[in-house]
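Notes follow the structure.
Just so it is clear, none of the values below were taken in a lab; they were calculated from the coordinates. Model, not experiment: these values are computed from the prediction. Ideal geometry is used to build each Cβ from the backbone, glycine not excepted, and the neighbour counts take in all protein chains shown.
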Amino acid sequence: MQRLVKSLLMNFVLLCLFLAAALPASAASSEPGIAIGLHPGTVGCPPGTEQPALSALYKNRVVEALTTSQDVYGQQILAKPEGPTYDNVKDFFTPIMYAIAPAAQGGFLTDTGVYYIPFGQPQQLTARGDLALTVADGSQIISNKADNLSTRIFVGAGGQEQFGSCLANLSTPALYKGYLPILQLQYRDHDGIEYQQESLATNLPGTDIVASYVEITADRDKSGHKPANIRFQVCSSCNLHQEGNQLVDEQGRTYLYFSPGATLSNSDLVYNLDAPNNENNSVYIVRPVTPIVNAPAIHVDKGEQKRARVESAAYWENRLSEGRLFQVPESNVMDAQRNLLIQDLQMTWRYSLGNAYEAFYQPESSSTMGVLGRYGFTGVYKRALQDLLPLSKGSTRRNWEIGEKLSHAADYYRLTGDSSLIIENLAAYKAYAVDLATQHAGDPNHLLARQQYSSDVKGLVYGLHQIGTALFGLQNMVSVWRELGETDLADKYAPIADDLRVWFDKAIKQSSTVMPDGSLFTQVMLLDKEEPYDHLPTTVLGSYWNLVAHYGFSAQVYAPESPEAKATLQYLYNHGARLLGLLKVRDGAINDVYETEQAKFLADNDQSDQLVLSLYNQLAHGMTRNTFITGEAASVGPLASKWPLQFGACEIGTSCTPPSFENGWAPNEYYRGMYLSPNTANNGFFLQLLRLMLINEMTNNKGEPQSLQLAFSTPRGWLENGKKIQVHDAPSLFGPISYTITSKIEHNQIMADLDVPSQRPIGNLQLRLRIPAHKQLIGVEVNGCPYTKFNSSTETIDLTGLTGKLIIRADYR
């Protein structure tokens, strides 16, 4: 299939497609009728279809947001009395719809360019199992990898219109119950016939064979009962034949089961909705992800579809019940929480599924698993850390990996009290310490050996992110070794870590610049000539600084609330690090994969409103609407400015400057794109944000827990009258945490119940009650007694020293 189309040929391509759609069935090819061009969401639409369009005001606003060094629109939202909400941010940008691939691989992951959702049912903690990559517009189901065997779905006159190919006629893709991996769609074809499609994947009855279950129902009442076919293009080159209700190849492998009423035409399965045996206008198929020999007998009908739906829902509800979800009074946040957990339980440590990014990457893989652990999926966390232990991208990238492996092993122990991971892999963790110690001893600047900046930036550097993470990991492990009685190891490596800290701090001071605005710039390339970036996303290295520097900051290069940390925050805010609270990068895009660490830095420095801003904009603009799919990066500006090869502005192998933000918009551009979706680490960012709002453990630079902040950054709307926040038995570095906050603010009262964790001493314990505006905290009772340790201006109650069960009443006026 042609995927990269030069812009000069685009109008011709569109014309050909429209003419092909108008041909009678006998004259049209049995191959897909969609060709990817500049804007794939429009190529399946009949002439004259009204398309959504970007206004001049919208384009100007986007250009301003991309070219201004401060987050001007984020500041406007923060200034609202109610603060950030989903409703007051959701219309800033259009939705994400396209899944972008490298240009050399065709430019898009699917026929229509629309993203896919991986459906499966893994049977082991970190095994992926077979996957049905289900395209969100209902057009295609792909087996395991984006360029593999697929089934395409067509509707309309002669069955020639690929389902969902005209996005203007497609409902926003949605999930069953808002979060379960069961796709639900509505589509209107060229003749006005309306279709409903449901697609899911679960095991065939009595087996562990994963298969897609698809139901399509046509409603022709509004079209005057115009003729229509539903056609499934299963495999044109497989020489399929029919055996009962199965399509089988010459080797006896079953590719498809189907409901009665279909005919086989050139390996395509076709339902004529005018035939007497198709009076109910509903058809059903069951598609094994991998064609199977000796296939079990299955009767495909509405009852079997229902059974599959119930089984799929039960499987994922059961998996979710293994963790500890947070209960917050906002349905779309709850749906996102549940679905992102489902996605990451399926992908685990893999960066993505079904494309070139289905692999491990550090630090992303360990970071994502750490977030899953904090949602109670500690078994997955442990198994993933074991899987990741032997994996490496090579010696010139190992320090970042070592830091992640050491720090997350220590974190797993502190979170669970389970020392087996460290004890059973003691030789490996000791070898990492030996490696770091050897590098430190041999380095001319008493740091660690220079390493490759990143996978894309090849130069060797003293990386703030790499050394900071490695040192944080070593100090974490030394502390845990001492706690576990490995005193010889702790005594040997503690002085080495302390000495590295001294020299690291010296290098940071030599590599920092106070900016004219009073903010602090810290080089990522320590001791090199890296000048401050006035606006980070305008250069390649500035953009990469914004991706990796936060790993150093979250590893406490600067102590929380220190003057240096506060000045660093001002650098981020004043020099282009954020766009509507999301991580702004070059070419008019956001990349929230790497905002997980920034979020921790913000939380540790009490940037509550900024975290709320990030949460709602990630929900609205960092993932797909209703289906919660993320990529590594997502466009905000013109598609051709971000991906000039894929969208026709440049040609592979030629030198080309992408079009400017002002001039890059195509006439029919509307939807945004994301790169190599889905993405576990980007999912983890939202989950990390949500948890930080409710639970933030403050540690020292050895990872030792010091303070516990509860409900420090919740959206103010969550404590409107009658609403409730619940945390039940959530893992933390201090032990399991449970609390409930109930708003009776119309009666000038907030109630909170808290079970103080007791596994480790808590240096400082604080609870914050962020209520809607215009009320003032005037008094507190704890367990029925007046309590004076509260700060009305910060809405914070200091509970330090209290233990057991606390019943708290806060009074307002």
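Remarks
- Compared with the dominant principal axis of the Cα atoms in the chain, helix 608-621 is inclined by about 10°.
- Helix 464-483 and the longest principal axis of the C-alpha atoms of the chain enclose an angle of approximately 70°.
- For region 720-813, relative contact order (Cα pairs under 8 Å, six or more residues apart, normalised by length) works out to 30 percent.
- The magnitude of the dipole of region 571-706, with charges of +1 and -1 set on the Cβ of Lys/Arg and Asp/Glu and taken from the Cα centre, is near 160 debye.
- Our summary gives region 30-185 a relative contact order of 22 percent, counting only alpha carbon pairs under 8 angstrom and 6 or more residues apart.
- For residue 322 and residue 774, the difference between the fully extended length at 0.36 nm per residue and the C-alpha to C-alpha distance is 158.7 nm.
- Modelled label reach - residue 534, point 7 Å along Cα→Cβ, region 561-576 residues with backbone N closer than 16 Å: 574-576
- Exposure proxy shown here: for 467, 590, the number of other Cβ atoms within 10 Å sets the order, fewest to most, as 590, 467.
- At R0 = 30 Å, FRET efficiency that the Cβ-Cβ distance of residue 660 and residue 87 yields, to 0.05: 0.40
- Calculated FRET value between residue 51 and residue 419, using beta carbons and R₀ = 60 Å, to 0.05: 0.50
- For 108, 661, 472, order by how many other beta-carbon atoms lie within 10 Å, fewest first: 661, 108, 472
- Projecting the Cα atoms of 123, 525, 106 onto the dipole axis of the chain, where Lys and Arg carry +1 and Asp and Glu carry -1 at the beta carbon, places 525 farthest toward the positive end.
- Protection-proxy order for peptides 502-508, 617-623, each taking the mean of Cβ atoms within 10 Å per residue, highest first: 617-623, 502-508
- Spin-label pair residue 297/residue 744, simplified geometry with 7 Å Cα→Cβ offset, distance in nm: 6.4 nm
- Structure-based [θ]222 nm, the chain - -39500 (n - 2.57) summed over DSSP H runs of at least 4, per residue, nearest 500: -9500 deg cm²/dmol
- Relative contact order %, the chain, counting alpha carbon pairs below 8 Å whose residues are six or more apart: 13 percent
- Ranked list, fewest to most other Cβ atoms within 10 Å of each Cβ, for 97, 515, 698: 515, 698, 97
- Against the chain, whose longest principal axis comes from its Cα atoms, helix 680-694 is set at around 50 degrees.
- Pairwise FRET efficiency - residue 499 versus residue 314, Cβ, R0 = 56 Å, nearest 0.05: 0.50
- Relative to the 2.2 N^0.38 Å rule of thumb, region 319-376 has a C-alpha radius of gyration ratio of 1.21.
- Within the chain, longest stretch free of exposed GluC sites (Glu not before Pro) [DSSP loop, at most 12 other beta carbons within 10 Å]: 280-560
- Length added when fully stretched, residue 561-residue 123, from 0.36 nm per residue minus Cα-Cα: 153.2 nm
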